[in-house]
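Okay, structure first, notes after.
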Amino acid sequence: MKAKKIVVVGNGMVGHYYVEQLAKQNAGHDITVIGAEPRPAYDRVHLSEVFSGKNPEDLALTTREHYKDIGVHAHFGDAVARIDRKAKEVITDLGRRFAYDKLVLATGSYPFVPPVPGSDQAGCLTYRTIDDLGAIRAHARDGKVGVVIGGGLLGLECANALKSVGLETHVVEFAPGLMGVQLDNGGSVMLRQMIEELDVQVHTSKSTQKIVPGNERRLRMEFADGSALETDMIVFSAGIRPYDQLAKAADITVGERGGIVIDYHCRTSDSDIFAIGECALFGGRIYGLVAPGYRMADAALSQLTDTPVPFQGADMSTKLKLLGIDVGSIGDSHGKALHNGQPPAAFLYSNDRERVYKKIVVSADGKKLLGAVLVGDCSDYDTLLQFFLNDMELPANPEGIILPADNGATPLLAGMSLPATATICSCLNVTKGAIVAAIDGGCCSVADVKATTKASTGCGGCAALLKSTVNEELAARGAEINNYVCEHFAYSRQEMFHLIKVGSLKTFDDMLHKHGKGRGCDVCKPAVASILASLFNDYVLRKEHASLQDTNDTFLANMQKDGTYSIVPRIAGGEISAEKLIVIGEVAKKYKLYTKITGGQRIDLFGARVNQLPDIWSELVAAGFETGHAYGKALRTVKSCVGSTWCRYGVQDSVRMAILIENRYKGVRSPHKLKSAVSGCTRECAEAQSKDFGVIATENGWNLYVCGNGGMKPRHADLFATDLDDATLIQYIDRFLMFYIRTADRLQRTSVWMNNLEGGLDYLREVIIEDKLGIAAELEAQMALLLDTYQCEWKTTIEDPEKLQRFRQFVNSTEEDAHVVFVQERGQPRPAKDNERAALAPH
Amino acid sequence: MGTAIHKQFNNEPIAVFSKANLLENSGVCALINGVQVAVFYLPTETPPLYAIDNYDPIGGANVLSRGIVGDINGELVVASPLYKQHFSLHSGRCLEDDSVQVSVYQARLEGDAVIVMLQKAQSQKQNIVQDIA
């Protein structure tokens with residue numbers, strides 16, 4: 001198809017998706033996007049997370065640079081004022097004109113504010129954009145009470161935001177129940193109970209008559225039933241209305257109650273103009289969720305190709321967490337519609353004690369799933385959704401799907417039974433067929449498939465289904481799926497950890513004789529040594545362990561390319577006195593070492609010969625230094641910013657916390673190295689979100705982030721828990737680290753571990769915070785043992801003449817390694833290059 | 001420790017040092033006539049002593065004595081601590097790269113003494129030298 005000028009109006013989630021996908025077509029189109037908001041597209045669905053520690057930038061879906069990179073002309077902060085259909089151009093508020101061949105309206109929607117007298121005064125807000133958040137935060141600062149008008153999905157999300165900023169939160173709903181669209185009465189009642197238990201007050205069947213100045217609080221809401229409620233702010237979140245004014249003014253057909261009318265191809269009444277997302281009206285309906293908006297974008301995009309795909313409406317099933325409560329709704333959740341002329345049948349499971357409500361609606365013959373409601377437990381959502389979307393026949397007793405699995409008999413939907421068209425990941429619209437194609441294309445693990453198809457990289461809710469689908473496909477091809485450590489042990493690291501722990505095996509030989517074969521190798525020996533250290537924490541150079549260690553652990557230093565070592569003394573939190581700095585300087589000078597400041601706020605001393613290590617460490621230990629474990633798969637460093645002690649912006653003493661954490665976990669051996677950082681405020685100068693575990697100070701305590709990584713594959717850490725006190729923070733880190741140590745693969749950093757963890761962040765929270773597996777006490781006890789048995793390995797080593805034997809270049813000579821030659825560069829030594837060495841040391 | 005005992009046997013340079021210098025299931029390094037030899041002591045193997053170049057031709061540094069010893073498909077190997085290639089203790093062959101080979105030397109235990117000869121072993125099956133003056 002010929003390249004065209006395409007102008008997209010609106011840079012919300014759907015507008016952005018359209019632009020991104022269009023650029024990917026690489027069809028040479030000239031793409032322009034115009035956004036009224038001052039910033040590029042961001043994730044509106046997770047807006048309330050800004051109040052629980054995320055930065056607005058974390059929500060960004062793209063950047064100006066990225067648009068530039070993909071060749072898109074982007075203009076922000078200037079709204080389109082009108083469309084000139086005759087001239088085929090749009091004109092902005094600032095008078096700029098953009099000509100188009102095809103125009104795409106993705107103008108979205110705005111919050112509906114009911115025409116209540118007084119709803120236009122200060123303190124009456126809406127909840128839709130990042131700028132709205134700023135206004136809410138500003139009002140929260142000198143307020144105590146906040147009210148949300150609207151008990152639907154958006155209203156409850158907004159209630160979460162108000163609660164996060166510390167307000168006494170009320171939800172006022174006109175209808176008799178919460179989330180009336182998605183939930184039946186029973187589910188709605190359960191949800192209300194659970195929300196009230198979170199200290200959010202719910203008022204239903206309340207019609208607000210007027211808003212007047214309050215007596216004790218800023219505003220007073222007066223209801224039709226004569227009651228009243230005083231509050232400092234009111235946020236309207238009672239539904240959305242499509243932004244259709246542009247279309248209307250250009251004489252494009254809009255619906256009676258708003259919305260730009262579109263056909264199957266997402267074309268408006270002007271065939272060169274498309275409308276997609278929440279501004280569009282399809283089949284008399286506005287689709288107020290993001291996924292249907294994406295499907296509309298797909299349909300509109302396909303119009304520019306030779307293979308147009310129609311939009312045929314979209315499934316409005318949804319699964320989400322509202323105020324931390326799992327809520328799911330599929331299809332005809334109310335069970336009201338006839339199916340083949342017959343009323344449906346419902347099955348219901350309700351558990352007041354554990355706060356779980358599940359209902360499924362099935363056809364009269366019991367064969368088809370028509371709808372479902374889940375509150376408090378969404379673990380069956382994926383299974384149910386697959387039955388629903390693929391029109392699959394239900395098992396003989398469909399109630400089994402939602403009943404608790406006492407005997408493990410829950411019929412788990414297997415990936416194999418799904419047709420190729422089944423959508424596995426609904427966020428990114430990845431079908432089973434696409435996953436099979438990825439495996440055909442050479443992917444051989446869940447991680448590969450994720451990277452190739454992007455499946456399960458949205459909400460992550462389909463992780464378990466993805467894993468079973470991938471594994472079954474691989475198994476069907478005869479691929480051997482094993483994560484054995486090496487040829488000597490037919491076990492994964494996690495299994496080996498378990499075997500050693502349960503069998504109380506104290507040496508590598510015990511383990512090899514009981515569970516392995518052959519003599520071991522450079523893979524399993526350090527792996528077992530690490531597990532033994534994580535469990536029993538013996539001195540790593542004890543006779544039976546010494547030969548298992550990698551050279552870095554054996555010599556308690558880091559081997560460099562020329563066979564010499566580097567030395568990193570521990571400088572907890574990066575805090576060091578002048579006296580100690582001088583000692584490091586003097587040692588470096590005396591032994592002619594190259595010195596460099598590391599990224600982890602420590603000092604690395606390079607170029608020590610193996611025979612110099614004991615002397616160097618004797619001096620360092622005498623000056624009060626400890627080993628920094630830079631050589632070990634262990635905690636390396638806890639970086640910190642200077643914190644509230646000095647910084648004008650700091651809200652907590654980050655240095656104190658960093659030192660506490662570093663000293664607590666120093667020496668703990670783990671599957672891979674561990675890095676941490678503590679920032680004293682949200683400016684995040686210590687870069688805690690790029691660490692295995694990071695801590696960021698808040699006004700009320702500490703936010704804990706987990707499983708971040710810099711390095712080769714950067715991963716932003718996940719916000720794990722907020723506003724923790726010192727004791728809880730440490731307790732969670734204890735449990736987190738020990739759980740990682742127990743279950744990770746060999747040399748698997750926390751970031752990769754998290755990506756492979758079935759259930760992801762939610763599951764990790766259940767294990768660590770809610771103690772779902774009942775192992776929290778055991779994890780803490782194991783950590784306590786490791787902390788109790790800490791020793792500075794260098795102190796122990798220099799006190800043991802027998803161990804010092806190891807630190808010799810030659811057993812039969814005091815000569816030094818003639819191959820190690822240094823030259824000077826920028827006033828410091830460095831290893832000589834081959835040509836320099838040849839010139840310096842005639843052989 | 002540390003006293004160099006440079007000896008010769010049949011005009012061949014050798015190193016002699018006490019068994020106490022050996023590290024069980026790992027390596028040490030001897031210097032013989034300017035050549036660095038990595039000596040591995042594997043008490044449960046027959047023979048228990050193995051000697052190869054200490055120089056890792058891939059990493060370009062004298063480090064093989066500091067590698068981890070083990071087996072790959074039954075072949076006794078040391079893994080270079082630099083880039084982890086495996087070198088056969090019997091043949092000196094690099095398992096990852098056929099074109100790379102380190103020298104293998106003769107080493108044996110005599111009572112409490114370790115004797116390493118710079119003369120290269122002809123084959124891994126060859127018996128150790130019978131006598132020493």
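Of the numbered criteria (1) under 30 Å from the mean Cα position of the chain (by Cα); (2) of a type outside the set (A, V, I, L, M); (3) within 14 Å of chain B (Cβ to nearest Cβ); (4) surrounded by fewer than 17 Cβ atoms within 10 Å (Cβ to Cβ), the one A:Ser530 fails is (4).
Restricting A:Gly71, A:Gly77, A:Gly95 to residues that are at pLDDT below 95, on the phi > 0 side of the Ramachandran plot and in contact with a helix residue (DSSP H, G or I) (Cβ under 9 Å, 6 or more places away or on another chain) narrows the list to A:Gly71. Of the residues A:Tyr591, A:Tyr565, only one is touching a strand residue (DSSP E or B) at 6+ places or on another chain (Cβ under 8 Å) and within 14 Å of chain B (Cβ to nearest Cβ); which? Criteria check complete, one pass: A:Tyr565. Each residue in region A:475-516 was checked for being within 14 Å of another protein chain (Cβ to nearest Cβ), in contact (Cβ under 8 Å) with a residue 12 or more places away in the chain and either part of a helix (DSSP H, G or I) or over 30 Å from A:Asp440 (Cα atoms) (or both), and 7 of them qualify. With respect to the conditions (1) over 26 Å from A:Ala291 (Cα atoms); (2) surrounded by fewer than 21 Cβ atoms within 10 Å (Cβ to Cβ), A:Ile136 falls short on a single one, namely (2). The strands (runs of 3 or more DSSP E) found entirely in region A:278-390 that carry 1 or more residues being among the acidic types (Asp, Glu) and more than 30 Å from A:His29 (Cβ to Cβ) are A:325-331.
Taken as a whole, the structure leaves A:Ala818 outside the set of residues that are assigned to a helix (DSSP H, G or I) and either surrounded by fewer than 16 Cβ atoms within 10 Å (Cβ to Cβ) or within 14 Å of chain B (Cβ to nearest Cβ) (or both). In this entry, B:Ile72 is excluded by the filter for residues that are more than 16 Å from the chain's Cα centre (by Cα), at negative phi, more than 9 Å from chain A (Cβ to nearest Cβ) and of a type in the set (Val, Ile, Thr).
Being in a strand (DSSP E or B) and in contact with a Pro (Cβ under 7 Å, 6 or more places away or on another chain), is that true of even one residue in region A:98-113? Scanning region A:98-113 turns up at least one residue that is in a strand (DSSP E or B) and in contact with a Pro (Cβ under 7 Å, 6 or more places away or on another chain). For region B:81-107, the set of residues classified as under 13 Å from the mean Cα position of the chain (by Cα), in a loop (DSSP other than H, G, I, E, B) and within 12 Å of another protein chain (Cβ to nearest Cβ) consists of B:Leu89 only. Just checking, does region A:662-673 include any residue being out of contact with any helix residue (DSSP H, G or I) (no Cβ under 6 Å at 6 or more places or on another chain), assigned by TED's automatic domain parsing to the domain that holds A:Leu779, of a type in the set (S, T, N, Q) and not in a loop (DSSP other than H, G, I, E, B)? Taking every residue of region A:662-673 in turn, none turns out to be out of contact with any helix residue (DSSP H, G or I) (no Cβ under 6 Å at 6 or more places or on another chain), assigned by TED's automatic domain parsing to the domain that holds A:Leu779, of a type in the set (S, T, N, Q) and not in a loop (DSSP other than H, G, I, E, B).
All told, B:Ala38 meets the bar of being crowded, with 24+ Cβ neighbours inside 10 Å, of a type in the set (A, V, I, L, M) and more than 9 Å from chain A (Cβ to nearest Cβ).
Consider region A:517-546 and keep the residues that are part of a helix (DSSP H, G or I) and of a type in the set (D, E, K, R). The one that is farthest from A:Thr797 (Cα to Cα) is A:Lys525.
A single member of A:Glu20, A:Glu37 is over 30 Å from A:Asp723 (Cα atoms), under 26 Å from the mean Cα position of the chain (by Cα), among the acidic types (Asp, Glu) and outside any helix (DSSP H, G or I), and it is A:Glu37. Residues of region A:422-465 that are assigned to a helix (DSSP H, G or I) and of a type in the set (D, E, K, R): A:Lys432, A:Asp440, A:Asp448, A:Lys450. Scanning region B:43-63 for residues that are buried (at least 19 other Cβ atoms within 10 Å of the Cβ) and more than 10 Å from chain A (Cβ to nearest Cβ) yields B:Leu49, B:Tyr50, B:Ala51, B:Ile52, B:Asp53.
Comparison of A:Glu222, A:Glu230 shows that the only residue that is in contact with a Gly (Cβ under 6 Å, 6 or more places away or on another chain) and assigned to a strand (DSSP E or B) is A:Glu230. The residue list A:Gly573, A:Gly599 contains one member that is more than 30 Å from B:Pro43 (Cβ to Cβ) and at pLDDT below 95, which is A:Gly599. The sole residue among A:Leu548, A:Leu541, A:Leu556, A:Leu613 that is on the phi > 0 side of the Ramachandran plot and within 14 Å of chain B (Cβ to nearest Cβ) is A:Leu556. The residues on offer are A:Tyr790, A:Tyr732, A:Tyr763, and the sole one that is away from chain B (no Cβ under 14 Å), in contact (Cβ under 8 Å) with a residue 12 or more places away in the chain and assigned to a helix (DSSP H, G or I) is A:Tyr732.
Screening B:Val78 on (1) surrounded by fewer than 22 Cβ atoms within 10 Å (Cβ to Cβ); (2) touching a residue at least 12 places away in the same chain (Cβ under 8 Å); (3) more than 8 Å from chain A (Cβ to nearest Cβ); (4) under 27 Å from A:Gly518 (Cβ atoms) shows it passes everything except condition (1).
For region A:643-666, filtered to residues that are small (Gly, Ala, Ser) and surrounded by 23 or more Cβ atoms within 10 Å (Cβ to Cβ), the residue that is farthest from A:Asn709 (Cα to Cα) is A:Gly643. The set of residues in region B:10-21 that are facing another protein chain (nearest Cβ under 8 Å) and either closer than 29 Å to A:Thr507 by Cα or crowded, with 22+ Cβ neighbours inside 10 Å (or both) comprises B:Ala15, B:Phe17, B:Asn21.
The values are calculated or read from the model by the stated rules, or taken from the named source; none is laboratory data. Everything numeric in this text was worked out from a predicted model, so none of it was measured. Positions of Cβ are backbone-derived with ideal geometry, glycine not excepted, and every protein chain shown enters the neighbour counts.
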